[in-house]
Amino acid sequence: MKTGRISAITAAGIMAAGALTVIAGTGTGTASAASYSYLCVDSTTGYGTQCADSELGTGAGNWIITLPDGTSGLTNWTYPTGATPAAIRQADNVNYCMQFDETGSESGPANYEVIGATCNNDEAEMWWNNYDPTSKRTLFESEWAYYNLDEQLCLTFGPGDSDPSGLFAVPCNFSGNSSYWWQQWGTS
C-alpha cells in the first residue's frame, strides 16, 4: 500500500468529518452514506449541468451516460463520503454500480470508460471521495486504477461527438480550478 494514499485518505476523512458537504450552483446540501442524490457536474463551457444516469439500462457493461439536470427520471446514487473507498451505487434498491472498465481504453491510454454492472464489491467499483474545499465539490478516484495501473484516475464527464455523453476515468486534477469542472461532482 502506498503511504501517500494513506495520508490523503486520513486528511480527507478529517476534512469530511463523516459527511460530504457539496455546494452546487447556488444551493448547498449535505450527503451522507445513507442518503442519495443526483451526481452532477456544472459546465463552464456551454454543456450546462450534466448528471450521471443509467438511462441505457442496468444490464452488465452498459455505459453510464449523462443527461441535463432537470431531465425527468434522473438516476439517484449513493456514493462514498468518507476516507474509505466504496461503490457509487444506484439508489432505490437497484443493485447497480459504476465500475471502472479495466478491459481497455476508449480513446487513449488514460481515458477509460465507466460502465455499470451488478454490484459485487469488486475493486473496479470502489471509489475514493476526494472533497475539494476550493471548488466545494468532490472528485471520485478509482481504487482499481490506483492499485493496478499505478495511476490516479477520476470519474469524469466526457462530452462525446453525439448525444448522450458518457462517463470516463481520466487523470485526476485536484487543483480545485473551475477549468476542471468535468471532474468536480455535486448533487446538482
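The values are calculated or read from the model by the stated rules, or taken from the named source; none is laboratory data. Given the structure is predicted, the values throughout are model-derived calculations rather than measurements. Ideal geometry is used to build each Cβ from the backbone, glycine not excepted, and the neighbour counts take in all protein chains shown.
The table below gives the values:
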{"quantity": "In segment 38-67, the residues that are among the aliphatic types (A, V, I, L, M) and in contact with a Pro (Cβ under 9 Å, 6 or more places away or on another chain)", "calculated": "Leu56, Ile65, Leu67"}
{"quantity": "Candidates Asp132, Asp161 - the one that is at pLDDT below 90, of a type in the set (Asp, Glu) and touching a strand residue (DSSP E or B) at 6+ places or on another chain (Cβ under 7 Å)", "calculated": "Asp132"}
